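Have a look at the structure below before the remarks.
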Amino acid sequence: MEIREGKDGVLRTDLEGLKAIQKPIALFLTYQRTTFTDAYRTVLRLKEHGAYEPVFLIAAGTAHLLEREVELCLQHSIAIFTEEEVLLAAEPPKPIQPLVVVADPPEVPPEAAVVADIPAAVPTLEEIVPTAIDRLRDTSVRVKTAIRRRWIWATNGLRGNPRPILDADKTDVYFNDAVIVTWNASNPRAAACEIFLTDEIRTDYLVWNGLSGSAMFQVTSDSTLTLRCTDSEGTALPVAAPLQINLKKERPRQSALSKLVRPADAVIEPQIESDDEELESEPRGLAHRRVLRREPWFWWFQQILKADLRYEKILREINPAIVCLSEDILGPLSGPLIRAARRRGIPSVIVPFTIPNPIEILEYCIKNPESVVQSPKHDELLAAFPHFFTSYKDRLLLRSNPELLLASELSGIGSKTPFISNSGHADRILVESERMLAVYQKLGFPAEQLTLAGSVTDDRLFGGLQRRNELRNALYARLGLPSDRPMLLSALVPDQLVSGVPWCEFTTYPELVEFWVKTIAGCSYNYNVVLKINPRAHREDYLHLERYGVRIAPDDTVDLVPLADIYITSLSSTLRWAAACGIPCVNYDVYHFRYGDYAGTPGIVHVEKMDEFVSTVNRLANDDAFRADLRTSQAADAPSWGKLDGLSLERIVNCFDTLCAQISGVSRRSRKRDRASQ
């Protein structure tokens, strides 16, 4: 494969050179700097290994976000292409009537990639519309059924007790036989509240146990909810009448379905039959197309279909053995690529770059006014697709743009658990540690989708620990630091105040940064204090902070962590690297997100307030016994956070080989022979 210089002086990869490569290709999709950084580590090591030839594919319309990353790849002879380049190199498609885009497409949500309008072959109507019609009809049936089976509340409250043991109330009535109830114990003797669901046949499982809370549950027949209260010894506290919420059927509500999910027969067939002569004289496919495009979800449906077709052509042109993604997200990006790869017998693998914590997504949704459901306009969508919604902090949340969600569902790429990262249709997720495996299992991922392989980052950490003194002395020399001091490393928290946070003691980001840097700089009399800036920021913009006595390192965080004696950051996924290395840490949750990813980790001290941060940093830096105790405790827990044996890449390659053989039916060596014959 050739890296050549174009007429404009810019280095470019020769697409034709891929066909001469006799190794199987691992295709990595990228579209932003955050996910690129972790994928690049894997790509570099994979190229050094030699079993697979890594190739980056930049999603359509996102190349301007990765200009520096493209240069970095080409300097290291790593192939990187934009979707546009690959499509232009492919044979031009036969002229087929394209789908018509609506005049005013909806605003693209942040989590969906910007999709360029690249010409692509469009399948015939017989291939598209019947499937869409069938899905619409199925949706219509589910909506109507749910509305006819709606439940309402009839309550027997705590009558006759001026000071009730329990205060309980329903917060919402859900369709599809789902209800939610909240409660709070007002008796000072209360130790536990329990909520049960019962019917004529059985007593269901314990839904919740706590002094206060909110529980959501399904009912399938006339049932009764019972809420009771006990003291610390398990004795039931006297209540005039235990709260019982009886669920009874309501008469079918007579209301039209929303425009978002209308009955398929009303959407398509009647309009076609009643349109004017010009419409009736058109080919039936065009008539269907003109009717479907009136639906608000159809623009997204069209983008997903276009992406699917683009990836079909791209995969045919590049012919990879395996497709790798950093995450599986909503929208016309990862889902269509996974599906197109599966049609061609190409396995798809997620190499995660972060921890799949649903709270992170929920916090994003609760800050987005369009995700907070405050009116009944989404009732029918909730009835048909209850998994699009969830309850969080006494709010009913919609995962994303309703048109995008519906289009994903109707096109067959939707997730059953959209509030959980990576819960799509990838063939395998490469899990880095026992701790992360437990997280995925708790979230309900199927065992056959998970492989405990470690990560390339683990191998980098392992190498850094093996050469710790040598690498740290070299770093000190580059930064002009004394060679006889231990190292305090801090990864500066990024600015999230602009997007809204649960709570913060600072009103501006510069104020936060100054406090953060001054606090850690207070240890510079006996530590070399090294600061790492977020990869999305520019180091040059923060060099003025060095006047406080810190040094800002340009190195990758993964190369700095194993050299540190103390590590300080805020909710960063890099904390798992320090935990794997047995390094004492301070996790300053300055924005009060309270994700809980590192709860129970013995070597990580969690703080939320300014005074706690100052006192903890000072104690960790100056109290040798305290620091040694944390290090000893974390060293015992370290193996659960990473596989630091230097063999993770080999396990990843073996997983690639196994998937290629299982899914495509073709081994890596066979693919190598096939590419040589092209």
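The values are calculated or read from the model by the stated rules, or taken from the named source; none is laboratory data. Remember, it's a predicted structure, so these values are computed and weren't measured experimentally. Reconstructed Cβ throughout: ideal geometry from the backbone, glycine too, with neighbour counts over all protein chains shown. Please note that ligands, DNA and RNA were not included when accessible areas were found on the heavy atoms of the full protein model with its side chains. Shrake-Rupley method; radii C 1.70, N 1.55, O 1.52, S 1.80 Å.
Here the condition is being over 19 Å from ARG576 (Cα atoms) and touching a Ser or Thr at 6+ places or on another chain (Cβ under 8 Å); of PHE613, PHE626, it holds for PHE613 alone. What do you reckon, is LEU465 surrounded by fewer than 19 Cβ atoms within 10 Å (Cβ to Cβ) and in contact with a Leu (Cβ under 6 Å, 6 or more places away or on another chain)? The answer is no for LEU465. Of all residues in region 375-388, those satisfying the criterion of being open to solvent by 20 Å² or more (accessible area, probe 1.4 Å) and either in contact (Cβ under 8 Å) with a residue 60 or more places away in the chain or among the aliphatic types (A, V, I, L, M) (or both) are LYS377, HIS378, ASP379, PRO386.
Among the residues of region 66-84, the one identified as of a type in the set (Gly, Ala, Ser) and either in a helix (DSSP H, G or I) or surrounded by fewer than 19 Cβ atoms within 10 Å (Cβ to Cβ) (or both) is SER77. Confirm whether GLY480 is open to solvent by 30 Å² or more (accessible area, probe 1.4 Å), in contact (Cβ under 8 Å) with a residue 40 or more places away in the chain, under 17 Å from VAL614 (Cβ atoms) and not aliphatic (A, V, I, L, M). Here the answer is no, as GLY480 does not meet what is asked.
For ALA63, the criteria (1) among the aliphatic types (A, V, I, L, M); (2) open to solvent by 10 Å² or more (accessible area, probe 1.4 Å); (3) at pLDDT below 90; (4) over 28 Å from the mean Cα position of the chain (by Cα) hold in every case but one, which is (4).
Please name all residue pairs, on different chains or six or more residues apart, with Cβ atoms under 6 Å, provided the first residue is in region 599-610 and is within 18 Å of ASN357 (Cα to Cα) and open to solvent by 60 Å² or more (accessible area, probe 1.4 Å) and the second residue is assigned to a strand (DSSP E or B) and not acidic (Asp, Glu). Note: pairs meeting the criteria are HIS606/ASN587. If you go through region 554-569 and keep only what is farther than 12 Å from THR457 by Cα and either modelled with pLDDT under 95 or touching a Cys at 6+ places or on another chain (Cβ under 9 Å) (or both), you end up with PRO554, ASP555, ALA564, ILE566, TYR567, ILE568, THR569. The listed residues are LEU571, LEU575, and the only one of them that is open to solvent by 10 Å² or more (accessible area, probe 1.4 Å) and under 20 Å from the mean Cα position of the chain (by Cα) turns out to be LEU571.
From the list VAL323, VAL372, the one residue that fits, being open to solvent by 10 Å² or more (accessible area, probe 1.4 Å), among the β-branched types (Val, Ile, Thr) and touching a helix residue (DSSP H, G or I) at 6+ places or on another chain (Cβ under 7 Å), is VAL372. Report the residue count in region 42-75 for those that are under 25 Å from LEU309 (Cβ atoms) and free of Cβ contacts under 8 Å to residues at least 12 places away in the same chain. Of the residues in region 42-75, 1 are under 25 Å from LEU309 (Cβ atoms) and free of Cβ contacts under 8 Å to residues at least 12 places away in the same chain.
Restricted to region 17-54, and to residues there that are over 23 Å from the mean Cα position of the chain (by Cα) and among the hydrophobic types (A, V, I, L, M, F, W, C), the residue that is most open to solvent (accessible area, probe 1.4 Å) is ALA20. Which members of region 496-521 meet the condition of being at pLDDT 90 or above and either assigned to a loop (DSSP other than H, G, I, E, B) or among the hydrophobic types (A, V, I, L, M, F, W, C) (or both)? CYS504, GLU505, PHE506, THR507, THR508, LEU512, VAL513, PHE515, TRP516, VAL517, ILE520, ALA521 - these are the residues of region 496-521 that are at pLDDT 90 or above and either assigned to a loop (DSSP other than H, G, I, E, B) or among the hydrophobic types (A, V, I, L, M, F, W, C) (or both).
In region 522-551, the residues that are closer than 17 Å to ASP484 by Cβ and without any contact (Cβ under 8 Å) to a residue 40 or more places away in the chain form Cβ pairs under 9 Å with partners that are of a type in the set (Phe, Trp, Tyr) and open to solvent by less than 70 Å² (accessible area, probe 1.4 Å), at six or more places apart or across chains, as follows: SER524/TYR548.
Only a single item in (1) under 30 Å from LEU325 (Cβ atoms); (2) surrounded by 14 or more Cβ atoms within 10 Å (Cβ to Cβ) is not met by LYS442, and it is number (2).
One residue stands out among those in region 535-549 that are in a helix (DSSP H, G or I) and among the basic types (Lys, Arg): the one that is least open to solvent (accessible area, probe 1.4 Å), which is ARG539. The set of residues in region 501-521 that are open to solvent by less than 50 Å² (accessible area, probe 1.4 Å), closer than 30 Å to ILE366 by Cα and in contact (Cβ under 8 Å) with a residue 24 or more places away in the chain comprises VAL501, CYS504, PHE506, LEU512, VAL513, PHE515, TRP516.
The single condition from (1) open to solvent by less than 40 Å² (accessible area, probe 1.4 Å); (2) more than 21 Å from the chain's Cα centre (by Cα) that PRO347 fails is (2).
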